[in-house]
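Presented below is the structure to which this report refers.
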Amino acid sequence: MNLKSLFISLFLLIAGISLAQSGKDECIRGKIERFNRLQKFKNINYPGDSKYDVKYYKLDLNVNHIAQTISGNVTCKGEIVEPNVTEIYYDLTNSLIVDSVLINGNAATFSRGSNKLNISLNTALNQGYNFTTVVYYHGTPGSSGFGSFEFSSHSGIPAIWTLSEPYGAMDWWPVKDTPADKADSADVWITVSTSLTPVSNGKLMEIVNNGNDTHTYKWKNSYPIAQYLLSMAITNYAQYTNYYHYSPTDSMPIDHFLYPESLNSNISQLNKTPGMIEIYSQQFGQYPFINEKYGHAQFGWGGGMEHQTISSMGGFSDGLISHELAHMWFGDKITCEDWHHIWLNEGFATYAEAVIIENWFGKAGYANQIESEMNSAKSAQGSIWVQNISSIGQIFNGARSYAKGAVVLHMLRGIVGDSTFFNILRSYVNYPKVAYGVAVTEDFQTIAESVSGMDLDYFFQEWIYGENYPKYSVVWSTQSIGSNLNDLAIQITQNINSYPSYFTMPIKIRVNFTGSDTLITIFNNAQVQNFNVTVRGKPTSISFDPENWILKTINSVATGVGDKIELNSFSLEQNYPNPFNPSTNIKFSLPQTSMVNLSVYNSLGELVNVVAHGEYDAGVYERVFNASASGRGLASGIYIYILRADNVVLQKKMILLR
């Protein structure tokens, strides 16, 4: 287990998060299993050749599982979008050998660059000109990222599969390798041994027996499709089909292709798929590829991959099935325009898991799922908008792109309300600018503002392009103003953040009285802010964000009498950031003047550092622990920090990740 995998396992253990039911976590866990292969690309052909627009792909490939090679040809139809174009290029790994290239039926000259195939157009073409290329090639495909093309096996039987996200399509076919340019349609023809069944996207149009112990399966995609969603999965599949009945007289097949030894034990899970499609269709709009199919193809990877109409699956838990299915709307019908905005794929699919749980187990189940995502999101480093798309580990960061992205949707739901929130999602799915196309965050923001009638720029700017989350300290007091009315005074203070310096959010506060309560909403848009609300009756206590609509830490909620703050109890907060390198902040609260000792210990119980020592007045304190100060040079691992104040002992764990 490499260091990254160790960190994730330790963090989930400390946070008490179960991997059993979460599709997001299974997806991430599968990716972590191959994290030692995730390195920054030295030469990323991104965002592809801008001189043409792809209209159509046809992959006609022979897969030789014995020699572990591929051969065949790929057709691309495109339209020139710039003036005076004399050359175009496709992304293609250097290890694949190009035999010849045709341009509009005529032989074309070509050359190879760094993972590129440069093709001369023989003449200058202007904007609006349609062209067709056919590239004939062969060789051993590459395998980068999460396993872009793999020759593997199960129970001694060959198993071949692809997973091209994000930059792996070029490892096995000549392609414009960017999600920004979807093909309007595609065909995938796969020739393999008759002992194997090749599965791909769309509808199976024909099976041709070639008379030489091979057969060709011809799959057609009639909907627009991104390059990384075209896939192959090949083995001796057993097929099981059930149906999504979308009207009293119409149904769509759901085709499950599983290893024969795995099918029977998973049928009960597979039978949950039609119901999940029904739930998503009600909440997001009709299943996007209703004229083709949905399905699963088992493959040899630890997570799942949302290949359009046929998700590749390493398992069949509730969470993984629902996560990959949700991508048909968010990721496949609408695809992030570039990997900076991957949260539009992964954050939405992660949130959709909670939609299924809410439907099955009600608000309590939903709340538990969101709390789990919040626990993960608090460890996110950097903005949800991915700053370094050269790193696969940064694009597919579980705490940020998945968990925090999902929590952003939860918070948006809290701001606009349930019915408006799901109207936003349905409107977004059908927004002509992005439906069956690509989107950036601002497209979703436009729809959210249009449907809700609210200015949400503050929300998207701070949560998508900002970092961290708010940490609140609250002081409240009441004063009678007669006629059973009281002035409720509330002061909210946020820790100073990097960007934004503080978070602007509407905050719900439950005001509790003897035998009753009321819910008020205040709009917090300053780092230190005072509010006065007139309430009927004398408040006995307040609950800050009682329904957990905000990703946050509550440092303290105290009552104020004049200039004196009365803290309710001793407290020791979780350090932040966590994990950290090399320094982290530790906050604690004292309800009274106390002798304090705050110390850090290693996992063997050995004292590492005394962070605070002495007599402290009642109040809230924050201290910094630096693992590199004074030549300590501490190793990565779990450390324990302990607060001793009077007769109280509190402790928490934290992770140093070098």
With respect to S477, determine if the residue is on the phi > 0 side of the Ramachandran plot and modelled with pLDDT under 95. no
Which number in (1) surrounded by fewer than 19 Cβ atoms within 10 Å (Cβ to Cβ); (2) over 18 Å from N495 (Cβ atoms); (3) modelled with pLDDT under 90 marks the one condition that G619 misses? (2)
I'd like to check which strands (runs of 3 or more DSSP E) are fully inside region 80-126 and have at least 1 residues that are modelled with pLDDT under 95. 110-113, 116-125
Within region 188-224, which residues are part of a loop (DSSP other than H, G, I, E, B) and either buried (at least 20 other Cβ atoms within 10 Å of the Cβ) or touching a residue at least 60 places away in the same chain (Cβ under 8 Å) (or both)? L196, S200, N201, G202, S222, Y223, P224
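Tell me the residue from G78, G142 that is within 17 Å of I160 (Cβ to Cβ), touching a residue at least 40 places away in the same chain (Cβ under 8 Å) and of a type outside the set (A, V, I, L, M), please.
None of the others qualify; the one that does is G142.
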Expected output for region 455-478 (first residue part of a strand (DSSP E or B), partner of a type in the set (F, W, Y), Cβ below 8 Å, 6+ apart or cross-chain) is K471/Y576; Y472/F544; V474/F544
Hits in region 623-646 - residues which are surrounded by 13 or more Cβ atoms within 10 Å (Cβ to Cβ), in a strand (DSSP E or B) and either in contact (Cβ under 8 Å) with a residue 40 or more places away in the chain or of a type in the set (A, V, I, L, M, F, W, C) (or both): F625, N626, I638, I640, Y641, I642, L643, R644, A645
Residues located in region 450-463, provided they are within 19 Å of S419 (Cβ to Cβ) and either in contact with a helix residue (DSSP H, G or I) (Cβ under 8 Å, 6 or more places away or on another chain) or modelled with pLDDT under 95 (or both): S450, V451, S452, M454, L456, F459
Identify, from the list N532, N597, N548, the residue that is surrounded by fewer than 17 Cβ atoms within 10 Å (Cβ to Cβ), over 26 Å from D487 (Cβ atoms) and assigned by TED's automatic domain parsing to the domain that holds I496. N548
Hey, can you tell me all the residues within region 339-396 that are among the aromatic types (F, W, Y) and outside any helix (DSSP H, G or I)? W385, F396
Among residues of region 290-310, those that are crowded, with 24+ Cβ neighbours inside 10 Å, within 18 Å of N242 (Cβ to Cβ) and not β-branched (V, I, T), counted: 4
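Only one of S100, S111, S71 is in contact (Cβ under 8 Å) with a residue 40 or more places away in the chain and farther than 16 Å from S50 by Cα; which? Quick ask: steps written out before the conclusion?
Numbers: S100 fails: in contact (Cβ under 8 Å) with a residue 40 or more places away in the chain; S111 fails: in contact (Cβ under 8 Å) with a residue 40 or more places away in the chain.
Exactly one of S100, S111, S71 is in contact (Cβ under 8 Å) with a residue 40 or more places away in the chain and farther than 16 Å from S50 by Cα, namely S71.
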Hits in region 130-173 (condition: over 24 Å from the mean Cα position of the chain (by Cα), part of a loop (DSSP other than H, G, I, E, B) and buried (at least 19 other Cβ atoms within 10 Å of the Cβ)): P141, W172, W173
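The rows are residues; the columns are (1) out of contact with any Phe, Trp or Tyr (no Cβ under 6 Å at 6 or more places or on another chain); (2) closer than 25 Å to F421 by Cα; (3) at pLDDT 95 or above.
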| site | (1), (2), (3) |
| --- | --- |
| T350 | no, yes, yes |
| Q369 | yes, yes, yes |
| S372 | yes, yes, yes |
| S391 | yes, no, no |
| G398 | yes, yes, yes |
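The values are calculated or read from the model by the stated rules, or taken from the named source; none is laboratory data. All values derive from a computational prediction rather than experimental measurement. All Cβ positions, even for glycine, are placed from backbone atoms using ideal geometry, and neighbour counts span all protein chains on display.
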